[in-house]
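Have a look at the structure below before the remarks.
Laboratory data are not the source of any read-out in this text; all were calculated from the coordinates shown. The structure displayed is predicted, hence computed values, not measured ones. Note that each Cβ is placed from the backbone with ideal geometry, even for glycine, and that neighbours are counted across all protein chains shown.
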């Protein structure tokens, strides 16, 4: 463990990036770290995910993630710290997220964060969260995007701009984050009770009852064979 582990850096940094041909992201100045972190977290605290589709929610999560990573508050371990925080944050929405996807795609995750924070307007390169969105769609929706680091290289930009990711037309695009978490649990255990479901996603039983009624009205799920001995059937593919 480094002596400076967990300490806010008191110096400015640059990091040469392969995908940027040796250029660096502009990280937050050391004297603005605390204020910038406070601002980003306060903005996220005030943000409401209510009514957002999963695609809209993923887009916002990607933007939020890239923002806190760009601050780079520590001397080392910023990407790992960001990953651990986001895993815990996604769990507040009811997702059972492990470190496995992050560990298996750690270089991709970091490069996606780099591309989300890099602009070179003179050469027509703009910051984009699309690569990060693909990562989160794989994580939350099993989207099946091909996560290749070479696609993020700035010299690959013209080719990748026309590259289409795996089609998600049949996916649960109209779902909210909370609804998607419920659907994943129902697919794992169609016979799950509402009390068990509430415990699984970390929500109240009252919230689960309200959401499952709404989801049935939206045509996302149905209850077969009655309330007592019935099972849930998911009507959308994820």
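Relative to the longest principal axis of the Cα atoms of the chain, the long axis of helix 78-91 lies at roughly 20 degrees. Projecting the alpha carbon convex hull of the chain along each direction and taking the average yields 14.6 nm².
Taking all C-alpha pairs of segment 39-103, those more than 18 Å from each other amount to 39 percent. Ordering 36, 212 by the number of other Cβ atoms within 10 Å of each residue's own Cβ, fewest first, gives 36, 212.
Residues 131, 47, 95, arranged from fewest to most other Cβ atoms within 10 angstrom of their Cβ, appear as 47, 95, 131. You can think of it this way: the chain between residue 99 and residue 80 has 5.8 nm of extra reach, that is 0.36 nm per residue less the Cα-Cα gap. Using a/c under 1.5 as the rounded threshold, could you call segment 177-234 rounded, prolate or oblate? The axes a ≥ b ≥ c are square roots of the C-alpha gyration tensor eigenvalues, and prolate needs a/b larger than b/c, oblate otherwise. Rounded, because the longest to shortest axis ratio a/c is under 1.5. Go ahead and estimate [θ] at 222 nm for the chain from helices alone: -39,500 (n - 2.57) per DSSP H run with n ≥ 4, summed, over the residue count, rounded to 500. Mean residue ellipticity at 222 nm (helix-derived): -14000 deg cm²/dmol. To the nearest 10 degrees, how steep is helix 33-46 against the longest Cα principal axis of the chain, on a 0 to 90 scale? It works out to around 20 degrees.
The rule of thumb for compact globular proteins, 2.2 N^0.38 Å, goes into the C-alpha radius of gyration of segment 54-140 1.07 times. Counted by neighbouring Cβ atoms within 10 Å, the residues 13, 201 run from fewest to most as 13, 201. Relative to the longest principal axis of the C-alpha atoms of the chain, give the angle of the C-alpha long axis of helix 106-115, reported between 0 and 90° and rounded to the nearest 10°. The two axes meet at around 70 degrees. Considering all C-alpha pairs of segment 1-92, those separated by over 18 Å amount to 53%.
Show me 106-115, 22-31 ranked by packing, highest mean number of other Cβ atoms within 10 Å first.
Most protected by this proxy first, the peptides run 106-115, 22-31.
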